[in-house]
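Just so it is clear, none of the values below were taken in a lab; they were calculated from the coordinates. Keep in mind it's a predicted model, so treat the numbers as computed, not measured. A quick note on method: Cβ atoms are made from the backbone with ideal geometry, for glycine too, and the neighbour counts reach across all protein chains shown.
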Amino acid sequence: MALITERKFLGFPEGFLWGAATSHFQIEGHPEELSHKLSDWSQWTATAGKIADASTADLACQFFERFGADMEICRDLNLNAFRISLNWPILCPVAPKPGQPLVLDPKGVTYYRELLASLKADGVTTFVTIFHFTLPHWLSAKGGWNNPESVSDFASFAEQAAIAFGDLVDFWLTLNEPLAYVYQGYVSGLWPPGNKHDYLGAFTSIRYMLEGHALAYKVIHNQRPGARVSFAMHWRPFVPKTRWNPFDCMVTYFRNYVFNRMFPQAVQLGELSFPYPISENGAVKALSGPILGLKGTQDYIAVNYYTRELSCFKFKWPIDIFGVASDKPEYEVNCLGWENFPDGFYQTLVNDLKPFKYNLDGSLRPIYVTENGFPTAFNADMAEGDWSLTDDLRVNYLITHLHALHRAINDGANVKGYLYWSLLDNFEWAEGLKARFGLVRITYPTQERTLRKSAHVYANIAKKNGILSGSMVENEI
Ligand code: FCB
């Protein structure tokens, strides 16, 4: 008991948002998308060998049918913010006619309007991502983000989404983690389109995603002048494995530039610049340079933070600009091999995001943490439903990261909200159902929802709008 009384209450700013983040493909289990294979991802999961545990997202969390009950869970957890993403393949199952705007499927519109309206009825602030990794099949079939038409297709979708849902959306995110997307799709090849070491494909996608973002920003604002629009960046600080090794430092610099800074810097300055000497390549040069309407198209900063990565130079590893993640982490790692490094969260918020701190008019941009979370492994020898609800590792991750966040705010970071990834266990892309991030355990295949210890801890933090100092996690409940 003595410990509890000695601990300090660390309050968050008034009106702080406490929420959870999700994405459509990982939770919805949309029957039409899956039965008609309407997206690149539904086709990908149906292909042997693409998903680590051979699972599919065919059912996922059946959120499409069960969202009403899941919204009650949000209420029980005292959450006042929620992030969803739009299922582009479902909303636009057929290609637009040339020169015509995209037409949204009315059933899809009804579903999202009901979902968003139920959130608004509960007083929940809504974050809506327009592109969270899945493409309609008709677009992936013509080259996805490598096709210049993706720019107008995306902007047209964004415009229709603003018309259909704009009254129910508080924060728009045009794109989720563009660099994570292009890395997995065009460099590692673990996600669709499955291209390996296709750097030109990756850089081309970056260019068109920037153009698509700029246009989407404009059309959303045209429809709803007061809209708040941004994109979610995955910020993963790279750190040299050996500080005195100039090669480790060099690859770390490149990786930080390309993965973290290049995209937001392009948005800030209105111009895409690749690092030297890559920039000297003729094809890359053609992708560089100013982008019309891009400058300053970020009304707030949306950042996803999970971990940092120690980088070592490896000549035989051109894949990551000759940098490879160290196999000797310095801190505890989770089941995906990610270091638990809350200080990186603090550094990101306080230092790394500084260049993007101000809008063009000099006003301060608010920051929202649109993802942060911890996976636990569901291994083949475990039984669904019997799996322990005492997820102390997740509780520890949550608490240490919220302490870092509190420190960051005290030290000047303008953070206004935090969305935990994720409310429910869900389909984790190429990892399938092996890595589970939920505050709430899903028992497959019954779909039973059970709150984990972390859910109770988080609900309490949200209710009090603060957290206790110290690390004795048991006392947080
Ligand atoms: C992020 C993705 C999200 C989820 C988490 C674990 O990179 O945006 O969909 O997969 O990682």
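Quick notes on this one:
- Full extension of the chain between Trp317 and Leu389 gives 21.9 nm of extra length, using 0.36 nm per residue less the Cα-Cα distance.
- Label zone (His197, point 7 Å along Cα-to-C-beta; backbone nitrogen cut-off 20 Å) within region 298-313: 312-313.
- Mean-position separation - Cα centroids, region 126-197 and region 252-326, in angstrom: 19
- Taking label points 7 Å from Cα along the Cα-to-Cβ direction, Tyr358 and Val94 give a separation of 5.1 nm.
- Taking a ≥ b ≥ c as the square roots of the Cα gyration tensor eigenvalues, region 273-323 comes out oblate, since a/c reaches at least 1.5 and a/b does not exceed b/c.
- Beta bridges per DSSP, both residues in the chain: antiparallel share near 35 percent.
- Within the chain, helix-based [θ] at 222 nm, where runs of 4 or more DSSP H residues each add -39,500 (n - 2.57), nearest 500: -10000 deg cm²/dmol
- Relative contact order (%) - criterion: Cα under 8 Å, at least six apart; region: the chain: 18
- Overall form of the chain per C-alpha gyration tensor (a/c, 1.5; a/b vs b/c): rounded
- Separation in nanometres of the label points that stand 7 Å from Cα toward Cβ, at Phe247 and Tyr444: 4.2
- Each listed q (0.14 Å⁻¹) maps to a log10 I(q)/I(0) for region 342-457 from the Debye sum over equal C-alpha point scatterers, namely -0.66.
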